[in-house]
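Encoded as structure tokens, here's the structure I'll be asking about.
Taken together, the values in this text are just the output of simple stated rules run on the coordinates, not laboratory data. Being a predicted model, the structure only gives us computed values, none of them experimental. In this analysis, Cβ positions are derived from the backbone assuming ideal geometry, glycine residues included, and neighbour counts consider all displayed protein chains.
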Amino acid sequence: MKNQTPLTVAYFTMEIGLESSMPTFAGGLGMLAADIMRSAADLKVPAACISVAWEHGYLRQQIRSDGTQSYEQISWNKEQFLKKTSEVISVTIEGRDVKVGAWKYEIRSGDHIVPVFFLDTNIVGNTPEDRAITDQLYGGDGAMRLKQEVVLGIGGVRMLRALGFSDIGTFHMNEGHAAFLTLELLKEREFKDENVRPSCAFTTHTPVKAGHDVFDYALAHKVVGDMLPWHIQKIAGADALSMTELAMNLSRFTCGVSQIHGEVSRGMFPGHRIDAITNGVHHVHWTCEEMRTLFDKTIPGWREDPSLLAAHCRDIPDQELWGAHREAKKRLVDEVNLRTSLGFDPDHLLIASARRVVPYKRPELLYTNLLRLKEVCCGRIQIIHAGNAHPSDPFSQGVIQRMVERSKELRDCVRIAYLENYNPDLAKLLVSGADVWLNTPLRLHEASGTSGMKACLNGVINMSALDGWWVEAYGRDYEAGWRIGPLANAVEGQIHTKIDAEDLYTQLQYEVIPEYYYHDHVRWIRRMKRSIGLMGHFNSHRCVREYLAKAWKR
Ligand SMILES: *Cc1c(COP(=O)(O)O)cnc(C)c1O
């Protein structure tokens, strides 16, 4: 056992999206974890990350020509990206000893390193059944999920100890999945809540009830066994084991991921103190090559200090900004034309919308009224969609099939492409190559959203329902993009969707489309700069600084 230097934070996360070919993530939660760790590395925060070496994290989506989807498992060679550590610890699951190994990935920035340890039960000495615990991210039933959370939480703390990290300021739970880390800390500290609470912080990520892990106590006792302390019902809920309750009750700091999400979370969990730290994205990582070159020239120092983007976005020369955007757009259009026979045109307004296909994101809002869509958009816009779904989810099957049918029907009027296999590489192509980034969530359902921030970095303009981060961004500068729907509070259901759809068509008709085709794009370019300016705030450096001040202070 080596004696390691003290850590300000050990960041526990079920998923982390560091590279497209490492399938250790499913979506936004994992992408955020990666950006937070990248910024921690840049800011020289003594940090380490604990995650899981999923054999099969996200699955590769394929869309057949009739719009049906299939998902195949990605195989990856861990040795290609990670280094195996020699430490092996064990956890008890269903009364059995399960061995847990770890793989190390290093996020380097200058001479500072943030290690990411990926836990793995697929090792010698485990039964085939236990080897499968780290097989599939979010696959399997409640019992499997509990096993995975034991590995992440309890196994994670033990692995850190085995690696020699004895001095850790804060154990951070990125979502409730990691809340079992508190059980190991209770065991280390005389089973006293007040001995654990000062060392823990927690971020909740979803305002949707079903997104919070809740387990039956009978099942939890069977799987987790003696590690559940005698007072578990006091700290994790009387009727069922809520990972969110457990995390909140044993943390000294809890937050949501945007100001409005903080508010919604306080309503969901009355009696808890819930703060808010709005998400951010890693500015250098998500800015395309052409824009990086341009920022290097016109906003020197932006790599180290992204807040400069706010003050100096106006200094970027119009034609150079448009030129850099054109290059990125051409790259995206070329990719679409390679993948489809739709003949996308770099001179046409290009709208992109990419996100997980779930009902609250309303992926078909733009198609609510096809007559209106044709009237407003014929011959003037082209649209790209992308987004994965749960393989067996009937909602997403229906959405993508209708999208493919519409694409055929409307092809002479509006080009619509649905690109398969949304991953970080495709995300980067889209958030830099589109003109408009469209986001249509049902209000109060999107915790933050981060893809729109990535778009801003590249001068791509957001058109979004007022939810999550966009409430704050639009409040900072309402000329940086467009909002969909009224300013008034959200009302549930169909009425809301009709109002939002009509608003979307009206704005496309009278603002977006005319502005885009307006002489020399002058008004458009002004908005592009304002979008870039927003990123003085919505970057993950600012986010990490807020975590340091509020959640990770020693
Ligand atoms: C940024 C990103 C997300 C999260 O974006 P949202 O705005 O929250 O939908 C999801 N998947 C990938 C691949 C991303 O790059």
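Computed FRET efficiency, Cβ-Cβ of Arg108 and Arg523, R0 30 Å: what is it to the nearest 0.05?
0.10
Excluding Leu32 itself, what net charge comes from residues whose Cβ is under 13 Å from its Cβ, given Lys and Arg +1 and Asp and Glu -1?
Its environment carries a net charge of -1.
Let me ask something else. In what sequence do Cys255, Cys49, Cys456 fall when counting other Cβ within 10 Å, fewest first?
Cys255, Cys49, Cys456
What residues qualify as long-range amide H neighbours of Ala417, i.e. H under 5 Å apart, gap of 5 or more or another chain, H built at 1.01 Å from N?
So Ala417 has HN proximity to Ile383, Ile384, His385.
With a ≥ b ≥ c taken as the square roots of the eigenvalues of the C-alpha gyration tensor of region 190-240, please select rounded if a/c is under 1.5 and otherwise prolate if a/b is larger than b/c or oblate if it is not?
Oblate, because a/c is 1.5 or more while a/b does not exceed b/c.
Give the lysines whose C-alpha is closer than 16 Å to that of Lys553, dropping any in the same chain fewer than 8 places away, or say none.
Within reach: Lys44.
Also, quick follow-up: Using amide H atoms built 1.01 Å from N in the peptide plane, name the residues 5+ places from Ala276, or on other chains, whose amide H lies under 5 Å from its own.
Under 5 Å from the amide H of Ala276: Gly256.
Got a sec to turn the phi values of region 43-48 into Karplus ³J(HN,Hα) couplings, 6.51 cos²θ - 1.76 cosθ + 1.60 with θ = phi - 60°, whole Hz, x for Gly and Pro?
8, 6, 7, x, 9, 9
Find, among the GluC sites (Glu not before Pro) in region 419-520, those assigned to loop by DSSP (not H, G, I, E, B) with at most 10 other beta-carbon atoms within 10 angstrom.
Passing sites in region 419-520 are Glu492.
First select every other residue whose beta carbon is under 14 angstrom from the beta carbon of Thr170; then total the charges, Lys and Arg +1, Asp and Glu -1.
+3
Using the beta-carbon distance between Asp97 and Asp334 and R0 = 56 Å, what value does 1/(1 + (r/R0)^6) give for FRET efficiency, to the nearest 0.05?
Once the sixth-power term is evaluated, E becomes 0.55.
So for Arg145, Arg252, fewest C-beta neighbours within 10 Å to most, what's the order?
Arg252, Arg145
Using +1 on the beta carbon of Lys and Arg, -1 on that of Asp and Glu, and nothing else charged, what's the dipole of the chain about the Cα centre, debye to 20?
580
Take the cross-link list Lys374/Lys408; Lys454/Lys550; Lys330/Lys374; Lys78/Lys361 and give me the ones stretching past 22 Å between alpha-carbons.
Lys454/Lys550; Lys330/Lys374; Lys78/Lys361
In what sequence do Asp120, Asp226, Asp500, Asp167 fall when counting other Cβ within 10 Å, fewest first?
Asp226, Asp167, Asp500, Asp120
Given N residues in region 364-415, what is Rg(Cα) / (2.2 N^0.38 Å)?
Here the answer is 1.22, to two decimals.
Give the dimensionless ratio obtained when the Cα radius of gyration of the chain is divided by 2.2 N^0.38 Å.
Compactness ratio reported: 0.97.
May I pose another question? Once every DSSP H run of n ≥ 4 in the chain is given -39500 (n - 2.57) and the sum is divided by its residues, what mean residue ellipticity at 222 nm do you get, rounded to the nearest 500 deg cm²/dmol?
Result for the chain: -11000 deg cm²/dmol, rounded to the nearest 500.
Continuing with this model, one more query. How large is ³J(HN,Hα) for each residue in region 418-431, as worked out from phi by the Karplus curve 6.51 cos²θ - 1.76 cosθ + 1.60 (θ = phi - 60°), to whole Hz, x for Gly and Pro?
10, 8, 7, 6, 5, 9, x, 5, 5, 4, 5, 4, 6, 6
Turning to a different aspect of this structure: Taking the Cβ of Ile232 as the center, what net charge do the other residues with Cβ under 15 Å away carry, scoring Lys and Arg +1 and Asp and Glu -1?
-4
Relative contact order, percent, of the chain when contacts are C-alpha pairs under 8 Å separated by at least 6 residues?
15
Additional query: Restricting to DSSP loop positions (anything but H, G, I, E, B) with no more than 14 other Cβ atoms inside 10 Å of their own Cβ, which trypsin sites (Lys or Arg not before Pro) remain in region 1-100?
Answer by residue number: Lys2, Lys44, Arg64.
Next question. Taking a ≥ b ≥ c as the square roots of the Cα gyration tensor eigenvalues, with a/c under 1.5 meaning rounded and otherwise prolate when a/b beats b/c, else oblate, which class fits region 452-554?
Here region 452-554 falls in the oblate category.
In whole Hz and in residue order, list the ³J(HN,Hα) couplings for region 8-23 that follow from phi through the Karplus curve 6.51 cos²θ - 1.76 cosθ + 1.60, θ = phi - 60°; x for Gly and Pro.
Each residue of region 8-23 in turn: 6, 9, 10, 9, 9, 8, 5, 9, 8, x, 8, 9, 4, 8, 10, x Hz.
Check Asn462: other-chain or 5+ apart residues with amide H under 5 Å from its amide H, H built from backbone geometry?
Those lying under 5 Å, H to H, from Asn462 are Trp437, Trp482.
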